[in-house]
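A.B. asks: Take this structure, written in structure tokens, and hold onto it; I'll ask about it next.
Read-outs: derived from the displayed coordinates by stated rules, not from any lab. Since the structure is predicted, the reported quantities are computational estimates derived from the model, not experimental observations. Cβ: placed from backbone, ideal geometry, glycine included. Neighbour counts: every protein chain shown.
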Amino acid sequence: MIVKKRSIPVHIQKLEALLRRLSNTHHKRSKIEEDLGKRLAGYKGEQRIDYPLSFLPEKDYFILHDVRLFDGSYYFQMDTIILSNCFILILEVKNIAGSLYFDSDFNQLIRTLNEKEEPFPDPISQVERQQYQLLRWLRIQKFNHIPIETLVVISSSNAILTTSPNNRQVYEKVILSSKLPAQINKFLKIHPQSAMDEKTLAKLTKKIVKCHTPQIIDILNQFSISKNELIKGVLCTGCRLTMNRERGKWVCTTCHHHSNEAHIESLLDYSLLISPIITNREARSFLNITSSEISKNLLQSLNLPFTGNNKSRSYNLLPLQKKHPPTKRMQK
């Protein structure tokens, strides 16, 4: 059973929004596009394990994607965590194509693609660190004596795995995604005894969901970009140029597309790039609206939570991210 669904990482959403709001000639654009490309590849790789995981009996396994917990000293993030009565399994998913050599001497993953070698951090060490931190977290939460297994899952269909003959750890810890159900059945044979009853398993699952803490990312600060460098206005969903407000609609004078709700995406961009809280004055400035009344009506029509009254009123834009998921926006 999938308890915590996979969603588009907020880091990807912020990078997408940032690219929408920068000029095509901005000197940081190529760096942002490179970062986005890597993160999209990683996210698509994580999605590829959904099919093999669908073969697991729903009643026996609780699946949680993209979990970030605090172990008492540091936060740690896990791509996927699978809970059962007998053991916990952490999956570290890598979507890397090419010839992948796992170097146990230097704890490196070396990828060779198009005759070019490129080093990556050792994913085995990475998932083992997550195992240690999850163990600490479990002890803090008073869940003891639960076996934790780990796997590095290579989700790319264009990967060739290689290592030295004596590197047994790779053979035990690294698999292709198609082998997931079979490997999980092996773990069940290794841990045939229940480590917790159904009630404890349900309690642990709820605790993980409750303690999950999304990372707060200041994307402008990450790339040293000022908010004054962002393109303001309501962007056309067709040609991405700014639209004008005419007779209660947004109209693009370039491609002639019109919309009643184009401002919603712009407010989403504001929440991702600048702040989840916005005032009437800030909305007018970002949307390029001169009328305070029009800005007020647009904000109030969205039924957003707010604090304060009249001129001091501030609106919370976070509910927009739940009502208007970015899936379709990413595909444009």
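A.B. asks: For segment 2-211, place one equal point scatterer on every Cα, skip the solvent, and apply the Debye formula. What is log10 of I(q)/I(0) at q = 0.14, 0.16 Å⁻¹?
C.D. replies: -0.92, -1.15
A.B. asks: Sticking with this structure for a sec: Amide H neighbours of residue 234 under 5 Å, counting only residues 5+ apart in sequence or on other chains, H built in-plane at 1.01 Å?
C.D. replies: Those lying under 5 Å, H to H, from residue 234 are 243.
A.B. asks: Pick out, from 131, 47, 11, the residue whose Cα sits farthest towards the positive end of the charge dipole of the chain, with +1 on the Cβ of Lys and Arg and -1 on the Cβ of Asp and Glu.
C.D. replies: The Cα lying farthest towards the positive end belongs to 11.
A.B. asks: Over segment 2-211, what relative contact order in percent results from Cα pairs under 8 Å that are six or more residues apart?
C.D. replies: It comes to 23 percent, rounded to a whole number.
A.B. asks: Something else now. Go through segment 112-154 and name the GluC sites (Glu not before Pro) that are in a DSSP coil and have 16 or fewer other Cβ atoms within 10 Å of their Cβ.
C.D. replies: Of the GluC sites (Glu not before Pro), the ones in loops of segment 112-154 whose Cβ has at most 16 other Cβ atoms within 10 Å are 115.
A.B. asks: With each pseudo-label sitting 7 Å past Cα toward Cβ, what's the residue 158-residue 247 distance in nm, one decimal?
C.D. replies: 5.0 nm
A.B. asks: Give the angle, between 0 and 90 degrees and rounded to the nearest 10, that separates the Cα long axis of helix 123-140 from the longest principal axis of the Cα atoms of the chain.
C.D. replies: That works out to roughly 90 degrees.
A.B. asks: Calculate the dipole size of segment 80-228 relative to its Cα centre from +1 charges on Lys and Arg beta carbons and -1 charges on Asp and Glu beta carbons; express the result in debye to the nearest 20.
C.D. replies: Dipole magnitude for segment 80-228 comes out near 800 debye.
A.B. asks: Which semi-axes, in whole Å and largest first, does the equivalent ellipsoid of segment 232-330 have when worked out from the alpha carbon gyration tensor as the square roots of 5 times its eigenvalues?
C.D. replies: 22, 16, 11
A.B. asks: Roughly how far apart, in whole Å, are the Cα centres of segment 28-56 and segment 169-183?
C.D. replies: Centre-to-centre (Cα) distance: 20 Å.
A.B. asks: If you don't mind, there's one more thing I want to ask. Taking the Cβ-Cβ separation of residue 60 and residue 302 as r and a Förster radius of 41 Å, what is the calculated FRET efficiency to the nearest 0.05?
C.D. replies: Computed FRET efficiency for residue 60 and residue 302: 0.45.
A.B. asks: So between residue 194 and residue 113, what do we pick up on full extension, going 0.36 nm a residue minus the alpha carbon distance?
C.D. replies: Extra length available between residue 194 and residue 113 comes to 24.7 nm.
A.B. asks: Which of the trypsin sites (Lys or Arg not before Pro) found in segment 157-247 are loop residues per DSSP with 11 or fewer other Cβ atoms within 10 Å of their Cβ?
C.D. replies: 247
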